[in-house]
1. What residues have an amide H closer than 5 Å to that of Phe189, excluding those fewer than 5 places away on the same chain, when H is modeled at 1.01 Å from N in the peptide plane?
2. Based on the Cβ-Cβ distance from Ser177 to Val34, what FRET efficiency comes out when R0 is 45 Å, to the nearest 0.05?
3. Considering amide H positions built from the backbone, and no H for Pro or chain starts, which residues 5 or more places from Leu204, or on another chain, come under 5 Å of its amide H?
4. Find how much the distance from Ala62 to Ile167 grows on full extension, using 0.36 nm per residue of separation minus their present alpha carbon separation; answer in nm with one decimal.
5. For the stretch 76-90, what does the Karplus curve 6.51 cos²θ - 1.76 cosθ + 1.60, with θ = phi - 60°, yield as ³J(HN,Hα) per residue in whole Hz, taken in order and with x for Gly and Pro?
6. Counting only protein heavy atoms and using a 1.4 Å probe, what share of the accessible area of the chain belongs to carbon plus sulfur, as a whole percent?
7. For the chain, just the Cα atoms, rotate onto the principal axes and tell me the three extents in Å, largest first.
8. Could you tell me the center-to-center distance, by alpha carbons, between the stretch 61-82 and the stretch 121-142 in angstrom?
Amino acid sequence: MRTVIGIARILARSTLDFALPPRCAGCGTIVDEVHSFCPDCWKQVEFLGDGGCLCCGLPLQATEQTSCARCLAQPPRLARIRSAVSYDDLSRSLAIRLKYGRKVAMARTMAHYMAPLVKPDANALLVPVPLHRTRLWTRGFNQSALVARELSRRLKIRADPLLLRRIRRTPPLKGMSPLQRRKTVAGAFRVTDKSAVAGKTIVLVDDVLTTGSTAEACARALKRAGAARVELVSWARVVKPSQLMR
Ligand SMILES: [Zn+2]
Ligand SMILES: [Zn+2]
């Protein structure tokens, strides 16, 4: 019974999202089209596009051709990282509103800009970066799972929000050194069904990519479970090379 009410609520909410005039995904003023920004916000959004290093997506140096020197020297566990926008006040407010506000509409907007960054792959499976169950309880849902569901709808790629579990709660990684971060998230994730992962291209879905340590820990668990390849697509990314990865 509770499930039925839950579903009815979700349906009511999405109908409401449709009935309301489209609003700027950044500031909320009414705009002409869904998934668009008002002129002021549009100027602020920094879309990252599909350029840069084939693996990590960071800008290439003049001497580098398709992959950056770091990815060539040490192939990263995440074979491909793409993010829709650079993480700033605007993308942050969008990610926060997805957590606390018009969830379905926001997830759709994010998926709208993330979908073109996912490479067509018949072998792909979308897997949201999971939250620990205590955080899931307090928040009630995983925003990355909502975005994964929208991406799945758009791209006709299956999404499995339960495939990866966060088995350990981890403290915020902010301010930690790369090594500390790695140690903190090591072993925090477990694959629930190895047979579903084996031989697949797993596309991890996240809302904000900061240091990449969490995604790397997910990739490690997925690779151990037999994934052929692990990629990541996120809504926003902190683009400060000093803070990224290794
Ligand atoms: Zn706006
Ligand atoms: Zn690279």
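1. Ile167
2. Values: r = 42 Å, r/R0 = 0.94.
With R0 = 45 Å, the Cβ-Cβ based efficiency is 0.60.
3. Val127, Glu231, Leu232, Val233
4. Working: separation 105, 0.36 × 105 = 37.80 nm, distance 4.25 nm.
Gain on extension, Ala62 to Ile167, equals 33.5 nm.
5. So the Karplus estimates, Gly and Pro as x, are x, 5, 8, 5, 7, 10, 9, 10, 6, 9, 6, 6, 8, 4, 6 Hz.
6. Values: 7390 of 13120 Å².
Carbon and sulfur atoms account for 56 percent of the accessible area of the chain.
7. Sorted from largest, the Cα extents of the chain read 52, 46, 38 Å.
8. Cα centroid of the stretch 61-82 versus Cα centroid of the stretch 121-142: 27 Å apart.
The values are calculated or read from the model by the stated rules, or taken from the named source; none is laboratory data. Bear in mind that the values here come from a model prediction, so they are computed numbers and not experimental data. Every residue, glycine as well, gets a Cβ built from its backbone with ideal geometry; the counts of neighbours run over all protein chains shown. These accessible areas exclude ligands, DNA and RNA; they are computed on the full protein's heavy atoms, side chains included. Shrake-Rupley method; radii C 1.70, N 1.55, O 1.52, S 1.80 Å.
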